[in-house]
Amino acid sequence: MNMALTKTTRPPAGIAPAVEQIVIGKDILELVSSSMYVDPMTVYREYVQNAADAIDLARAEGMIAADEPGVVEIAFDTPSRTVRIRDNGAGVPWDRFVRTLTGLGGSAKRGTQARGFRGVGRLAGLGYAQELVFRSRADGEDEVSELRWDCRRLKALLRSTEFSGGVADLIAQVVTVARIPASDEPRRFFEIELRGIVRLRSDRLLTPAAVAEYLSQVAPVPFSPDFSFGAEISSAMRATMQPADLHIYVNGAETPLYRPHRDTFDAGAGRMLAYEGVEIRHVPDMDGAPAALAWVLHHPYEGAIPVANLVKGLRLRSGDVQVGGGAVLEELFAEQRFNAWSVGEVHVLDRRIVPNGRRDDFEQNAHLNNLINQLAPLAREISRRCRSNSIKRNWVRRFQLGGTAVQETIDALAQGSIGAAERDTAAGSALDTLAEMDRIAAMPLLAGDEGDALTEAAATLRSALDANAAPRAFDDSPLAALPPVERAGYERMFELIYECSVNRVAARKLIDRITTKVTLPLNERLTT
């Protein structure tokens, strides 16, 4: 059946289509608050990010000296399941307080150097507490402004089929505002209080150690004084951007949070590996201006960095705040697993590369694609190091296995419990293994101190083998006193034990025990 296409019609030029009513329903509030964030811990990232912007504003307006740190204090009250986050930024003056903290979108930060600009991050806590309280005091104010969100009532109204009002009606139902006389409060501050925090995921939202661990990775905090490469990286950052270097104190700690990087990291099984150096790269944008600053810490690349080190993966940051996790850039690597072997950060400087609403990635555009293309060679270089070191470790492991086999042969020869023919065969096999070990030690990829150490180890084994395989001037076998036929039988049995055993060390120990039992009565007879 043929169906005629309906022609699209348009209103005449200059005549706008009539829109009688625009409805913004209540559910939009849930969509732009807790529904936006997959990980509840991002609540802390959003509030710390806003604190960093407020501190930057205070510094720009001369409220904070250039060398004075921005401070964020996070206090926990476990019995009441309450967390309070306070910063020493500019605060929000009363004439903008209510409008700012009840508005949805339309942030005044858009178009500025601020980290946040969508005007929804402050609502992140609505889904994770019974009450969300904002307090602030700006310079020159005698009172503290306070705004409370009743989160329990908010959730009830969102579920209600009887409440048919829009988002503005909903906010009016759940928000209360007050002015409180200032007493011991600082002359300027902004504070978020989450009261009655819900229990989620092992109660991490109310666990100071978990919050500190999370913020040390994602927040704009400084490097530890104990990190030798921190000064070099910080200097490169300050040449292209202004790091926030917030001093975040969690639950009354005497020292602020630092990023988790140290000079060494735990590679697993109790092995500590050291960083060998830092590589810093400047990435240009499409116009040749700075698009990003990347730094990578090189190390032996022995495998994936254990998660507990909190540094795994090449990570993206915007405004010195982490965007997404450690796997955002893994597709750039020759093998995705090599991203987990790397340690580094890419600080996005191009303002046209914008984090998405969730801050788990960036909005797709040509400028982001240019950045990804520019980072690809760095990822390939890291992949090359990973693969090269993996190949090197395999050869070293092969050398070590050969060395173990040769040492077991030397121990068997030194034991003196096998016949002359088997001794020659075992020594010949050990010499073949040593020849292969020499070839491994001479490989170009092992050139330098590592190859020299392997060559020396092979030479030491060869000397020991020569000493134990050489004909003896006298028969020092523990079986020497046995009758020839009986001795030959034991030697043949010992040869079979070595030949059939998968563990030569265990075989040698078994032969030692047998030899002791066989020769002890004979020695006793000889001494009597």
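The values are calculated or read from the model by the stated rules, or taken from the named source; none is laboratory data. Being a predicted model, the structure only gives us computed values, none of them experimental. Every residue, glycine as well, gets a Cβ built from its backbone with ideal geometry; the counts of neighbours run over all protein chains shown. Protein only, heavy atoms only, side chains kept; ligands, DNA and RNA dropped before computing areas. Shrake-Rupley method; radii C 1.70, N 1.55, O 1.52, S 1.80 Å.
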Do we have Arg352 as touching a helix residue (DSSP H, G or I) at 6+ places or on another chain (Cβ under 9 Å) and of a type outside the set (Val, Ile, Thr) here?
-> yes
Applying the selection to region 189-226, what residues are aromatic (Phe, Trp, Tyr) and either in a helix (DSSP H, G or I) or open to solvent by less than 10 Å² (accessible area, probe 1.4 Å) (or both)?
-> Phe189, Tyr214
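Condition check ((1) over 20 Å from the mean Cα position of the chain (by Cα); (2) under 26 Å from Asp56 (Cα atoms)) across all residues:
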{"position": "Val198", "(1), (2)": "yes, no"}
{"position": "Ser228", "(1), (2)": "no, no"}
{"position": "Ala236", "(1), (2)": "yes, yes"}
{"position": "Asp245", "(1), (2)": "no, yes"}
{"position": "Arg271", "(1), (2)": "no, no"}
The one condition Leu434 fails out of (1) more than 30 Å from Glu330 (Cα to Cα); (2) exposed (fewer than 13 other Cβ atoms within 10 Å of the Cβ) is (2)
Considering Thr264, Thr255, which residue is over 23 Å from Arg384 (Cβ atoms), more than 20 Å from the chain's Cα centre (by Cα) and either at pLDDT 95 or above or surrounded by 14 or more Cβ atoms within 10 Å (Cβ to Cβ) (or both)?
-> Thr255
How many of the residues making up region 256-297 are assigned to a strand (DSSP E or B) and either more than 24 Å from Pro355 (Cβ to Cβ) or in contact with a Phe, Trp or Tyr (Cβ under 7 Å, 6 or more places away or on another chain) (or both)?
-> 14
Which residue out of Val311, Val307 is β-branched (Val, Ile, Thr), closer than 24 Å to Pro222 by Cβ and open to solvent by 10 Å² or more (accessible area, probe 1.4 Å)?
-> Val307
Using the structure shown, decide if Leu375 is under 30 Å from Tyr301 (Cα atoms), open to solvent by less than 30 Å² (accessible area, probe 1.4 Å) and free of Cβ contacts under 8 Å to residues at least 24 places away in the same chain.
-> no
With respect to Val71, determine if the residue is open to solvent by less than 80 Å² (accessible area, probe 1.4 Å), modelled with pLDDT of 65 or more and of a type outside the set (Ser, Thr, Tyr).
-> yes
So, first residue within 22 Å of Arg281 (Cα to Cα) and surrounded by 17 or more Cβ atoms within 10 Å (Cβ to Cβ) in region 381-394, second residue of a type in the set (A, V, I, L, M, F, W, C) and modelled with pLDDT under 95, Cβ within less than 8 Å, six or more apart or across chains; the pairs are Ser383/Ala334
How many residues are at positive phi and either touching a strand residue (DSSP E or B) at 6+ places or on another chain (Cβ under 8 Å) or β-branched (Val, Ile, Thr) (or both) when one looks only at region 294-309?
-> 1
For residues in region 151-167 being open to solvent by less than 70 Å² (accessible area, probe 1.4 Å) and assigned to a loop (DSSP other than H, G, I, E, B), which is modelled with the highest pLDDT?
-> Ser160
Residue among Gly403, Gly344 that is over 30 Å from Gly489 (Cβ atoms), open to solvent by less than 30 Å² (accessible area, probe 1.4 Å) and not in a helix (DSSP H, G or I) = Gly344
Within region 274-304, restricting to residues that are in contact with a Lys or Arg (Cβ under 9 Å, 6 or more places away or on another chain) and acidic (Asp, Glu), the one that is most open to solvent (accessible area, probe 1.4 Å) is Glu302
Only one of Thr409, Thr433 is more than 34 Å from the chain's Cα centre (by Cα), at pLDDT below 90, under 14 Å from Ala464 (Cβ atoms) and of a type in the set (Ser, Thr, Tyr); which?
-> Thr409
Any idea how many residues of region 173-188 are open to solvent by less than 30 Å² (accessible area, probe 1.4 Å) and in a helix (DSSP H, G or I)?
-> 1
Members of region 254-279 that are touching a residue at least 24 places away in the same chain (Cβ under 8 Å), among the aliphatic types (A, V, I, L, M) and within 20 Å of Pro225 (Cβ to Cβ) | Leu257, Ala274, Val278
Lone qualifier among Leu170, Leu132 - being buried (at least 21 other Cβ atoms within 10 Å of the Cβ) and at pLDDT below 90 | Leu170
